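Student: Handing you a structure now.
The values are calculated or read from the model by the stated rules, or taken from the named source; none is laboratory data. Remember, it's a predicted structure, so these values are computed and weren't measured experimentally. Cβ placement follows ideal geometry from the backbone for every residue including glycine, while neighbour counts extend to all protein chains displayed.
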Amino acid sequence: MSVKNTDENLYEYEKELNDSSSILMLVDSSTTIAEIKKIPQQEKIKEIISFDYESHKLLKWENIPHVISDDFSSRNDLIDMQNNCYEYVKWFEDDTIK
């Protein structure tokens, strides 16, 4: 499934995932392919979401369909996160901490 950066599409995506017989798998670099393959075949994995570049590369290498977590963020969200990071790296300049 292709995820678009709109509230309407995220709502539709959430509705699809509401099927209680399906699994939403969240994957990061601490997750191994063996762990993913341990899920019984009768289980229905609705979607796999990777949360970092390493897990994305591994899933792609293994030809496992997945969505990148950044796909759920709008351009404005990413700009806000970047700006917050710029502020956080200057924590030592904060007079309340000194």
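Student: Does Ser29 count as of a type in the set (Gly, Ala, Ser) and at pLDDT below 80?
Tutor: Details: of a type in the set (Gly, Ala, Ser): yes; at pLDDT below 80: no.
Answer is no for this residue.
Student: What pairs can you find where one residue is in the range 36-60 and at pLDDT below 80, the other is surrounded by 12 or more Cβ atoms within 10 Å (Cβ to Cβ) and aliphatic (A, V, I, L, M), and their Cβ atoms are less than 8 Å apart, with a gap of 6+ or different chains?
Tutor: Ile39/Ile23; Ile39/Met25; Ile39/Ile45; Glu43/Ile23; Lys44/Ile23
Student: Step by step: first the residues of the range 68-98, then only those that are in contact with a Phe, Trp or Tyr (Cβ under 9 Å, 6 or more places away or on another chain) and aliphatic (A, V, I, L, M), then the one that is nearest to Ile45 (Cα to Cα). Which residue is that?
Tutor: The extreme case among them is Ile68.
Student: Kindly provide the set of residues from the range 58-98 that are assigned to a loop (DSSP other than H, G, I, E, B), surrounded by 10 or more Cβ atoms within 10 Å (Cβ to Cβ) and β-branched (Val, Ile, Thr), ordered by number.
Tutor: Passing the criteria: only Ile64.
Student: Same structure again: Exactly one condition in (1) more than 23 Å from Ser74 (Cα to Cα); (2) at pLDDT below 85 is false for Leu17; which is it?
Tutor: (1)
Student: Now a separate question. For the range 34-64, give me each residue that is farther than 18 Å from Ile23 by Cα and among the acidic types (Asp, Glu).
Tutor: Across the range 34-64, the qualifying residues are Asp52, Glu54, Glu62.
Student: Okay, next question. Inside the range 26-42, can you point out the residues that are surrounded by fewer than 10 Cβ atoms within 10 Å (Cβ to Cβ) and assigned to a loop (DSSP other than H, G, I, E, B)? Lay out the reasoning, then the answer.
Tutor: At the first step, the residues of the range 26-42 found to be surrounded by fewer than 10 Cβ atoms within 10 Å (Cβ to Cβ) are 34, 38, 40-42.
Hits for the range 26-42 are Lys38, Pro40, Gln41, Gln42.
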